[in-house]
Amino acid sequence: MSERAVDPREFRGYRRADGRVGVRNYVAVVPVSVTASAVAKAVASRAGTGVRALPHQMPLSPNEAARTQVETVLEGVGANPNVAGALYVALGTEDIASEELADAVAATGRPVETLAIREAGGTEAAVDRGVDLAEDLREVASEARRETADTSELVVAMECGGSDATSGLAANPVVGDACDRIVEAGGTGVISETPEFIGAEHILAERCVDDEVREKLLARVERRERMADLMGVDFRGAQPSPGNQAGGLTTIEEKSLGAIAKGGTTPLRDVITYGNHLPVGGGFVVMDSPGYDVESVSGKVAGGAQIVVFTTGRGSTTGNPIAPVVKVTGNPKTYERMHENMDVDASRVLEGESVRTVGGTLSDRIHDVADGTLTAAERHGMAEFAINDLPANEVATLGDPT
Amino acid sequence: MKGETIDDAAIRMAPEDNVVTALEDLPAGRAFDVDGGTVTLAEPVEFGHKFALASLDPGDTVRKYGEVVGTATEPIAAGEWVHTHNVVSTRGQPGDEGGEADSDENGDAERRDT
C-alpha cells in the first residue's frame with residue numbers, strides 16, 4: 001500500500017496547556033482590523049522563522065453580527081493548537097478590543113501580547129515593538145517539544161477548490177476514505193462550504209445522528225440558499241461555475257454529490273457555526289461556511305483544525321498561515337503540470353487503483369505532515385487567509401447566524 | 001463511492017447510473033461494451049464530460065453516483081454527450097422563466113421532488 005509503515009494510531013505533536021496538540025509551533029501575529037494588516041505582515045516578515053502573520057480585510061467597525069463572527073475567528077486562530085503564542089495588533093480605534101481577544105486566548109494557557117499602533121507612536125515604531133514582542137513569544141515557543149499524541153487528537157479539515165469532474169470521481173472519495181480513517185481512529189473530520197451541499201443535503205441528512213442535528217443542517221443549507229437570493233445570486237444558476245462546467249460538471253447537484261464525498265461515510269455528529277470550536281474526538285462534523293475556499297479554510301482553522309486536506313481538479317495552490325494544507329488532485333494532467341503544488345495524486349483511482357488504497361496513501365501523508373513533513377503549500381510559502389463577512393442587509397433579513 | 005472503469009476510458013460511479021464520465025478525450029465512433037450491449041459515441045466527448053449509456057426522453061432523470069443529478073430537456077440517444085445543452089438541474093437553472101427578480105418564487109415553482 002504505502003512505501004513506509006506509518007502507525008495510524010499516533011503522531012508526534014506539540015501538547016499545549018489546554019491539552020490540545022499542535023502539528024506546527026508558530027507565533028501568530030493577528031491584526032484586529034485591515035488597518036493593522038500591513039504592520040502584522042511587516043512584523044512577521046522581520047521576525048522571520050516561526051512567526052506567521054494572518055492579514056485580513058475586516059474594517060474598524062464591522063456591523064454587530066459580523067463583529068461576533070470576526071471576533072470568533074480572530075480568537076480562534078490565536079488559540080489554534082498549532083499556535084504557541086499570539087500577538088494581536090490593532091490600530092487602536094477598532095470596535096473589537098484586542099485585550100478581550102488576548103484574555104480569551106490567555107485563558108487557554110498561551111502567552112499573548114497586544115500592540116496598538118497609535119500608542120506605539122506610528123507604523124515604524126509599532127513594527128519595531130511588534131518584532132520585539134514576537135521574538136519574546138518565539139522564545140517561549142522554542143521550549144515546546146514534539147511528543148507522542150494519539151490520532152484521536154487530530155482535527156482534520158476537508159476542503160475543495162477549483163473542482164472539475166475528477167474531484168467527485170477520484171479526489172473527494174479518496175479524501176472521504178481518509179476522513180473515515182481519522183474518525184475510526186477517534187479523531188474529528190470536518191467538511192464545510194454549505195452552498196455545496198445544495199442538491200445533496202438529503203444524503204447528509206440521512207447520516208445525521210439525530211433529528212436535532214438534521215434540523216440544524218437543513219436550516220443551514222436553506223439559509224445559504226436564501227442568502228444567495230438576497231444578494232441577487234441564484235446559486236442554482238451560478239453553480240456549477242463556468243470553470244466547473246468547462247470541466248464537465250453539469251448541475252449543482254452533480255457538483256454537490258461529488259463535494260460531499262470528502263466527508264466519507266460515518267455518521268454526521270454535529271453542525272458547527274462558522275469559525276466556532278470544533279470538537280476534539282468529535283467524529284464527522286460539518287461547519288457552516290461560505291463556498292469561498294479561503295474563507296472556508298480560515299473558519300475551520302479558527303475552529304481548531306490542525307491540518308487541512310484540500311482537493312483540486314483544476315489546480316488551486318492556496319495554503320494557510322498556521323495550518324499545513326495537503327493538496328490532492330484527481331486530475332492526471334493537473335498532477336503532471338502542477339506537480340510542485342500537489343501532495344497526493346488521486347488520479348490513480350481513474351486508472352483502476354482502489355479508493356481504499358489511495359486513501360491509505362493520503363492517510364499516511366496526513367500522519368507524516370502531522371509529524372512535521374512540510375506540504376507543497378508550505379514549501380512554497382502559500383499562506384492565504386480571509387474572514388467571511390456578513391453584509392448588514394443579510395443579517396437584517398436572515399437574522400444572526402450564531 | 002467506488003466507480004467502475006470501462007475500457008480504461010470511462011468511469012461509471014454506480015450500477016444504476018445512466019451516464020458515465022470520459023477519462024480521456026474520446027473521439028466520435030468509439031465503442032464501449034456496456035451491460036452486454038455496445039454504446040457507440042455519436043460525437044466527441046471531452047475528458048471529464050459525460051455520455052449516455054441508454055436513451056433518455058425529455059423529463060427523464062439523469063443518474064450519476066446512483067443519485068439524480070438532473071433532468072433531460074430533449075431526447076438523448078445512447079452514446080450522446082450529456083451536458084448543460086440537454087440537461088437541467090432539478091433545483092432550478094439559469095434562464096428559468098420568472099427571472100432573477102423573483103428568484104424565490106421561481107425556485108420553488110421549478111423545484112421538483114426527486
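The values are calculated or read from the model by the stated rules, or taken from the named source; none is laboratory data. Values in this document were obtained by computation on a predicted structure and should not be read as measured data. Don't worry about glycine lacking a Cβ; one is built from the backbone with ideal geometry, like all the others, and counts go over all protein chains shown. What goes into the accessible areas is simple: the full protein's heavy atoms, side chains included, and nothing from ligands, DNA or RNA. Shrake-Rupley method; radii C 1.70, N 1.55, O 1.52, S 1.80 Å.
For chain A, set up a GNM with springs between Cα atoms under 10 Å and report which of A:SER296, A:SER45, A:SER347 has the largest fluctuation.
Greatest mean-square fluctuation among the candidates belongs to A:SER45.
Given Cα positions, please report Rg to Rh for the protein assembly as shown, the hydrodynamic radius being the Kirkwood one.
1.00
Give me the inter-chain shielding for B:64-77: mean count of other chain Cβ atoms within 10 Å, whole number please.
Taking all residues of B:64-77 together, the mean is 4.
Could you work out the pair-distance distribution P(r) of region A:99-161 from its alpha-carbon pairs, with 10 angstrom bin width and percents rounded to whole numbers?
Calculated over all Cα pairs of region A:99-161, the distribution is 17, 30, 31, 18, 4 percent.
Sort region A:157-271 into rounded, prolate or oblate with this rule: let a ≥ b ≥ c be the square roots of the eigenvalues of the Cα gyration tensor; rounded if a/c is under 1.5, and if a/c is not under 1.5, prolate when a/b is larger than b/c, oblate otherwise.
In terms of gyration-tensor shape, oblate.
Considering only protein heavy atoms and a probe of 1.4 Å, how much of the accessible area of the protein assembly as shown is carbon and sulfur, as a whole percent?
Answer for the protein assembly as shown is 46 percent, counting heavy atoms of protein chains only.
Only loop residues by DSSP count here, and only those with at most 10 other Cβ atoms within 10 Å; note down the chymotrypsin sites (Phe, Trp or Tyr not before Pro) in region A:1-97 that meet that.
Filter output for region A:1-97: empty list.
Using r as the Cβ-Cβ distance of A:LEU60 and A:ASP18, and R0 as 41 Å, what FRET efficiency do you calculate, to the nearest 0.05?
0.85
For A:240-251, what's the mean count of beta carbons from other chains sitting within 10 Å of each residue's beta carbon?
That average works out to 5.
Just for the protein assembly as shown, what percent of DSSP beta bridges are antiparallel, to the closest 5?
The antiparallel proportion sits near 45 percent.
Under a Cβ-only charge scheme (Lys and Arg +1, Asp and Glu -1), can you give me the dipole magnitude of chain A about the Cα centre, in debye to the nearest 20?
With only Lys, Arg, Asp and Glu charged at Cβ, the dipole is about 780 debye.
Evaluate the Debye formula for region A:26-143 with equal point scatterers sitting on the alpha carbons, no solvent, and hand back log10 of I(q)/I(0) at q = 0.10, 0.22 Å⁻¹, in q order, two decimals.
-0.24, -1.21
So what does the Cα-only Debye profile of region B:4-90 read at q = 0.17 Å⁻¹, as log10 I(q)/I(0), no solvent term?
Computed log10 I(q)/I(0) values: -0.60.
Please identify the longest segment of chain A free of exposed GluC sites (Glu not before Pro), where exposed means a DSSP state other than H, G, I, E or B and no more than 16 other Cβ atoms within 10 Å.
That gives A:144-352 as the longest site-free run.
Sum -39500 (n - 2.57) across every DSSP H segment of at least 4 residues in chain A, then divide by the residue count to get the 222 nm mean residue ellipticity, nearest 500.
-11500 deg cm²/dmol
Which whole number gives the average, over all residues in A:165-178, of C-beta atoms from other chains lying within 10 Å of the residue C-beta?
Per-residue shielding by partner chains comes out at 3.
Say the cut-off is 20 Å between C-alpha atoms; which of A:LYS300/A:LYS327; A:LYS262/A:LYS300; A:LYS333/B:LYS50; A:LYS255/B:LYS64; A:LYS41/A:LYS327 go over it?
Correct reply: A:LYS41/A:LYS327.
Restricting to Cα atoms and excluding each atom paired with itself, what does the Kirkwood estimate give for region A:150-379 in Å?
It is 17.1 Å.
Cα-based Rg (one decimal) and Dmax (whole number) for region A:176-220, in Å?
11.5, 30
With the Cα gyration tensor of region A:321-362 giving a ≥ b ≥ c as the square roots of its eigenvalues, does the rule (a/c under 1.5 for rounded; else a/b larger than b/c for prolate; else oblate) give rounded, prolate or oblate?
It comes out oblate by the Cα gyration axes.
With a 1.4 Å probe on protein heavy atoms only, work out how much accessible surface A and B bury together, total over both chains, in Å² to the nearest 100.
Roughly 2700 Å².
Given region A:328-402, what whole percent of its Cα pairs are spread farther than 15 Å?
So the portion of pairs separated by more than 15 Å is 69 percent.
Roughly how large, in nm² to one decimal, is the mean projection of the convex hull of the alpha-carbon atoms in region A:270-402?
9.3 nm²
With Cβ to Cβ distances under 14 Å as the rule, what net charge do the other residues near A:GLY122 carry (K, R +1; D, E -1)?
Spelling it out: positives minus negatives among the neighbours equals -1.
Could you run the Karplus curve 6.51 cos²θ - 1.76 cosθ + 1.60 with θ = phi - 60° over region A:101-108 and give me ³J(HN,Hα) per residue in whole Hz, x for Gly and Pro?
4, 4, 4, 5, 6, 4, 5, 8
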